[in-house]
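Since the structure comes first, as structure tokens, the remarks are kept for the end.
The values are calculated or read from the model by the stated rules, or taken from the named source; none is laboratory data. Just so it is clear, the model here is predicted, and its values are computed rather than measured. Glycine gets a Cβ as well: all are built from the backbone with ideal geometry, and neighbour counts include every protein chain shown. We work out accessible area using only protein heavy atoms, side chains counted, and drop any ligands, DNA or RNA first. Shrake-Rupley method; radii C 1.70, N 1.55, O 1.52, S 1.80 Å.
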Amino acid sequence: LVWAFYYVWYNSQSWSDSRVIDKPLLGTYDSGDRNTILSHIRMAKSSGIDGFIVSWAGGVTDTRLRTVLDAAAQENFKVTILFESMAAPTKDGLLQLLRGFFSNYENDGRYFKLDGRPVVFVYAAYKQALSVWKDIFATLRTEGHHGFYVADIGTFSDVSSLDVFDGIFNYSAVDILTSKPAGTLNTLSTSLGLSTRSYSLLHPGAQARLWAATIMPGFDDRLLSRTVQRYLPRGDGSTYQTTFDAALASNPDWILITSFNEYYENSYIEPSTNYASHYMDLTSQFSATFKQTI
């Protein structure tokens, strides 16, 4: 499968924010608009994307997730969430958010599941000790909630999350591509793929784990008020190609795209004023190549 991270926090005023330096060709949309979501889903499908991973932290994102699910069901398109774990920095806060998620979506037939378990991508899972996640998941299981959890491991090298999570991914390759020698991304991605695929062999009785490799066209958060700001130029598609080549070489189960429409960090592939449909066209090529290797 090919997935894209999808953001639902925009309203019509978002596009006048000086930190947003490009605009979608679709217009200055509101993320709660069902017709906008339908248009996005149809664009994504036409480029070989199978589903959206919707940024979710309850509240408004929950309301909009429901609209995404409704539109996706019409188009036979898959939906899961990126659980924004930094929205609830305490163990109890994380547990309460996940309880709310399961209450609303565990039995929702429109939500994507593996082996009957809702798939949950956990952003910045590395910010919490593995023991915290282990306790949270154990508590949820005793309450009858069984998720399929995929951890954002952050450093691109620590596979210990496989002891607690059902799979691993990395949201961003920016730090690797901007601070490490050329070829490092390929080496690390391949290592993660091998570690994930061999996990059940090294741990008899354990279920197979999932490796989801991330690709991205570029990144730029220099206009945001962050302590550390990062910039990864697009290179007219060369960065997207570099990350795809590394992902493909790692023999992933899934490919994840960062992102469909994250304009604040300038990682979007959605057709825009600055780039037209260039990155959607590249996505079509990458999706076809990946699926032909299966």
Within region 160-187, can you find the residues that are part of a loop (DSSP other than H, G, I, E, B), without any contact (Cβ under 8 Å) to a residue 40 or more places away in the chain and under 26 Å from Pro118 (Cβ atoms)? Val164
Checked pairs for region 113-135, first on the phi > 0 side of the Ramachandran plot, second assigned to a helix (DSSP H, G or I), C-beta under 9 Å and 6 or more apart or across chains, list as Ala124/Ser85; Ala124/Met86
Subset of region 60-107 that is assigned to a helix (DSSP H, G or I), under 20 Å from the mean Cα position of the chain (by Cα) and small (Gly, Ala, Ser) - its residue that is farthest from Ser259 (Cα to Cα): Ala73
Just to be sure before I move on: is Leu248 of a type in the set (A, V, I, L, M, F, W, C), open to solvent by 10 Å² or more (accessible area, probe 1.4 Å), in contact with a strand residue (DSSP E or B) (Cβ under 9 Å, 6 or more places away or on another chain) and modelled with pLDDT of 95 or more in the structure I sent? yes
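Out of all the residues in region 45-63, which are open to solvent by 40 Å² or more (accessible area, probe 1.4 Å) and under 18 Å from Tyr123 (Cβ atoms)?
Those that are open to solvent by 40 Å² or more (accessible area, probe 1.4 Å) and under 18 Å from Tyr123 (Cβ atoms): Gly59, Val60.
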Out of curiosity, is Asp30 without any contact (Cβ under 8 Å) to a residue 24 or more places away in the chain and closer than 14 Å to Asn261 by Cβ? yes
Enumeration of residues in region 245-293 that are closer than 18 Å to Ile21 by Cβ, in a helix (DSSP H, G or I) and touching a residue at least 60 places away in the same chain (Cβ under 8 Å): Tyr279
Among (1) in contact with a strand residue (DSSP E or B) (Cβ under 9 Å, 6 or more places away or on another chain); (2) within 24 Å of Ser179 (Cα to Cα); (3) open to solvent by 10 Å² or more (accessible area, probe 1.4 Å); (4) in a helix (DSSP H, G or I) - the single one Asp236 does not satisfy: (1)
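Among the residues of region 140-156, count how many are surrounded by 15 or more Cβ atoms within 10 Å (Cβ to Cβ) and assigned to a loop (DSSP other than H, G, I, E, B).
Narrowing region 140-156 to residues surrounded by 15 or more Cβ atoms within 10 Å (Cβ to Cβ): 140, 145-154, 156.
Going one step further and asking which of them are assigned to a loop (DSSP other than H, G, I, E, B), we end up with 145-147, 153-154, 156.
Residues flagged as surrounded by 15 or more Cβ atoms within 10 Å (Cβ to Cβ) and assigned to a loop (DSSP other than H, G, I, E, B) within region 140-156 amount to 6.
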